[in-house]
Structures are given as C-alpha cells and as structure tokens.
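Take a look at the structure set out below.
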Amino acid sequence: MSTTPTVRPATAEAPARRRDSGGGTARHHNKWLILIVLAVAQLMVVLDSTIVNIALPEAQRALGFNNDLRQWIVTAYSLTFGGLLLAGGRLNDLFGRKRTLIIGLIGFAASSALGGWSPNFEVLVTARALQGVFGALLAPAALSLLTVTFAEGKDRARAFGIYGAISGAGAAIGLLVGGVLTEYLSWNWCLYVNVAFAVIALVGAARFIPGHRRDAQGPTFDLLGASFVTVGLFALVYGLANSESKGWSDTWTLAFIGVGIALLAAFVLVESRVEHPLLPLRVLLDRVRGTSYLVMLISAIGMFGVFMFLTYYLQNTLGYSPVVTGLAFLPMVGALAGTASLAGGFTRRVSPKLVVGAGLAAAGVGMVILTRIEAGSGYATGVLPGLLVVGIGLGAVFATAMGYATTDVATSDAGVASAMVNTAQQVGGSIGISLLSSFSATAATNYVADHKTSGATMTALQQGAQIASYHTAFWWAAGFFFAGAVLAGLLYPAKAPDLDPDAAPVIAH
C-alpha cells in the first residue's frame, strides 16, 4: 500500500470528470433528499441479511423442507450477492449509477415478491438467489452515488456517519421487523416488505438523483477478471458455508475454499495486466482505503457474534419471543446510530487510527462483557451493558471506515470501490458465521464430554453446553475486534488525511 493518500492538483479535465460522475456534486441542492433515498435502499439490502433468519422456522414448517436444506435459504442470497458484487460495482461505473440503481431496485422488489409468494422450497431459494443478484447491483450503486454526491467537506463526513449507522444497525432492525411480521402477519411478509422499501426508493431515485451518460469511448467490461472474481468468491463463500454443516475437514469444504483462493489470486494477476481492469489495483493499494476494507471485513466477522449467537441465547435460553428478541437489540441500534452520527462530524479532524482503533477496542470490550452471561442472567444486568458498548464501538468504526473506504477515489472507480466495501462485509460475515459456528459447536461437544460423568441431568448438560458455546463465540468475536484494533493502529496514518477540496480525483498509475 502507498504510505499516504495522494492528492493531486486540480487540472483542466477535473470538472468534466466530476460532472460525468453520475451522482452530482457535494453542491447539489437535493443532496440530503438523495441521502434519504440511498439510505432507504441500503436499509432494504441490510435488513434482508437478518429479517429472513427470524422467519426461517415458520417458512420451514409452511413449506415442509428439512433441516439439511434450511441453510440454503440464507446461503443462496450470500452466494450470489457476494460473488457478483465487484462485477455489479463496475457495471455501475460503465452504464450509469442511477440507471443501475433503478434496475437493482426493480429486480430486488420483483424477486422479493416472488419469495413472499413461494409455494415451495425451490421457488423460495430461487427468489433468494435473485435477490442476491440484484442486491449486487443495488448496494454498490447506492454507496457510489453517496460518494460522488458528497464529494468533500463536513457534509460528506456527516452523510457517511448517517449511512454507516444504517449499515451497522440495519441487521439488528431486521431482527425486530422480522419478529413483528412473523408473529403478527406471516413469514411471507418478511419478503413482501421489501417491495414497499423499493417503491419508496424508486420514486425518490427517479425524482431526485441526476443521471449521466457513459462516454462512448469509455473502457470495456473486463469479462475475464469478472469471471475469475465471481467464481472465486462464489467458491470461497460456498466452502465457508459448507463448513458450518460438514466441518472444516470435509473434502468439498477444503476443495471449494482452495479453488476460491486460487481463482482470487489469478484475478489479482489478471487485474495487474489488463488495460481496463474490473478492479484497478490502485483502489486497493492506497493505504487509507485498503486499511478501511480490512477493517470492514474484520468488523463483519465479529459482529455476527452479537447478532447470531445472542439471538439464540435470548430465544432458546431466556425464552424471548421473536418480537421481544428484536426489541432487545434496540439499545444497541440506538448506541450505534448515535455514535456513528457523532463520529461522522469529526472524522476529518481526527486520525482514523484513533477513531477506528478505539471503536474496535470498545466493541471487543463489549463482547468480553457478554461472556459473563449465564442461563439465569437478567437482560438489564447481563445483556444490556455489553450490547451498549458494542454498539458504541461499531458506530465509530462504520462511520469512519466506510467514509475512508471511498476517499480520493476517481469518480470512474467509485462504483467498484463502493462494491469492495460490501464485498468485505459479505465475505467477513460468511467467515464469521462459519468460524464462530464451528468453534461454538466444538465447545458444546467438549462441555458435554467433560461433564457427562458429573451426575448432571441431560437438561442441565444441554443448557450448560449452550452457554459454553455462546461464551466461546463471544470470546472469538472479541479476539477479532481486538486484532482489528491493533491493525487499525498499525496501518492507518497518524494524522487525518489532508484533502484538497479543489483537487482532481486521484488516478494513480
């Protein structure tokens, strides 16, 4: 990575390049309305990562599929979404961000309606895969439009603070919304609700977001690179998902992960040699941006220790209903959103080394607090303190790292740079699910083996094994957060990057 973010003097061609960005400039009079539109679109995508999880037991009973097929309702979405994100980001750059956003919204709404209508497992899993396809267009379009709409200044920091809060809190909100819809309507409405979000965002996009034309002489699509990265990410995510049910020593798990890593390595080689790469390596090799992608990946790994395992604890151990479980996460949502808004206000004045490092360290402390929960713990004393500390920490991380992940990027690369943020989160989430599930399952097995001769009843053994599995997952999540804090302290620059608001977008060679 380069040691400092490079800011080049303005040139005569800079204004033209910015006007062609497809998102307006920071001076666009509708920029706050555009932010609302993009926030709604992003919320819809983030909600979908957890809202279906709450509905899954009811959907399984209604459609009659077995436990072996259950994971594919989640995996079908993550496979297509994670595998196609970089290609979707480059399509944004080539064919127009507004146009791609609108196509993504329409497709996401249609596939969500199909999923809600599903009469059987096959239709439901197909709909989830289609949601991933259109989400891969939609997510990078929203973030890249935000990047070029808020190009510089304090408004940019504030906008990314709000956007980061939505990205971080959306998964927890999904648990609440999913619980309410499942309990009071039906599991189908956990998919139908996306149609309402999409229509709101679609009307706003058509009304407020300016369009742009692609230069007829612009670069062509890097088909070879897209093939390598799409199949590589698909294989990697599939291998990680397969490890959850088959284990890390399974032949197919190792084969898919190995193929995925090999193809991604080949992708990097191709991108360093082709004339118009899908992912220009200049996007990754900048010190600030590259560190931000790494931070987002590590944050996603640890965050699943909160959402997935704490959800199981609240429902299976404390006996909470889906609605009450969702409500239990609201304090974390509030802490995350509030901190993200505050962090967005001073992210350009304080080094990301301090803000992100402190945020990840705080999130690690919150996870350590959660390792104290027991079968008889109360919410106020056992769960709430850890949730609040994790929310505060992640709010600082998301607001800062998400803003710096696209800083100083050329407008022609804004879509693919934005896609890298979502790719880091998606791959991180897949790693988090696989690793933490594997480690927690091993802890539960070891607990039973160590205590089966103690005279405890089977119920007590099972309850103890569950608590041991949660503790293990929380300790590992804390470890990832602390490791991320160290990396942020080592890799981010000591001072906040100096950005010239009149400079042309950086195009390094």
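For this structure, a couple of remarks:
- Partner lysines whose Cα lies under 26 Å from the Cα of Lys452, excluding those fewer than 8 positions away in the same chain, are identified as Lys246.
- D (Stokes-Einstein, µm²/s), Kirkwood Cα radius, segment 268-352, 0.890 mPa s at 25 °C: 148
- Reachable lysines from Lys353, criterion Cα separation under 22 angstrom, eight or more residues apart if same chain: Lys154, Lys495
- Ordering of 268-276, 282-290 by packing [mean C-beta count within 10 Å, highest first]: 282-290, 268-276
Each reported figure results from applying straightforward, stated rules to the coordinates on display, with no laboratory input. Just so we're clear, the structure is a prediction, and the values are computed from it rather than from any experiment. Please note: Cβ atoms are built from the backbone with ideal geometry, for glycine as well, and neighbour counts cover all protein chains shown.
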